[in-house]
């Protein structure tokens, strides 16, 4: 068993706690949304991940999974709704409306299936 070190502050002893070293990660919007969700709605799970040193690994996994799903769903919706380069050249405003609609739909799916679980 590991021996606990203490720090004395104003006559009181406090355990000297440190987190295990964690690798640096760069998250996209989905990883940051997951982090915000965990802090706000799942604080116990967040704290457990943080203290065990698994938070960054968890966030990176969620981020990667969400980005892959995002790209795949965007392409599927474009094919399903027949959004092509020809439409972009012919009617740019219609293409923008359709793409914004697709992006909103895909983000909603990712939020429900990956981020908010």
Percent relative contact order for the chain, counting Cα pairs under 8 Å at least six residues apart, stands at 24
Length gained, residue 112-residue 3, 0.36 nm per residue minus C-alpha separation, equals 34.9 nm
Nearest-0.05 FRET efficiency for residue 67 and residue 23 at R0 = 25 Å, using Cβ-Cβ distance, is 0.85
Among 46, 14, 70, the residue with the largest mean-square fluctuation in a Gaussian network model of the chain built from Cα contacts under 10 Å is 14
Simple spin-label estimate for residue 40/residue 88, 7 Å along Cα→Cβ, in nm, reads 3.3
The convex hull of the Cα atoms of segment 6-115, divided by residue count, gives a volume in Å³ per residue of 137
Rounded to the nearest 10 degrees, the helix 55-80 long axis (Cα) sits at an angle to the longest Cα principal axis of the chain of 10
Per-residue Cβ contact counts at 10 Å, fewest first, order 26, 58 as 26, 58
Taking Cα atoms only, helix 92-110 is inclined relative to the longest principal axis of the chain by an angle, in degrees rounded to 10, of 40
Highest GNM mean-square fluctuation among 59, 19, 38, for the chain with Cα springs under 10 Å, belongs to 19
Note: residue 16 to residue 74 extended length (0.36 nm per residue) minus current alpha-carbon separation gives 16.0 nm
Relative to the chain, whose Cα atoms define the longest principal axis, helix 43-52 and its Cα axis are tilted in degrees, nearest 10, by 70
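Throughout, read-outs are computed from the coordinates displayed, never taken from laboratory work. Everything numeric in this text was worked out from a predicted model, so none of it was measured. Virtual Cβ from ideal backbone geometry, glycine too; neighbours counted across all protein chains shown.
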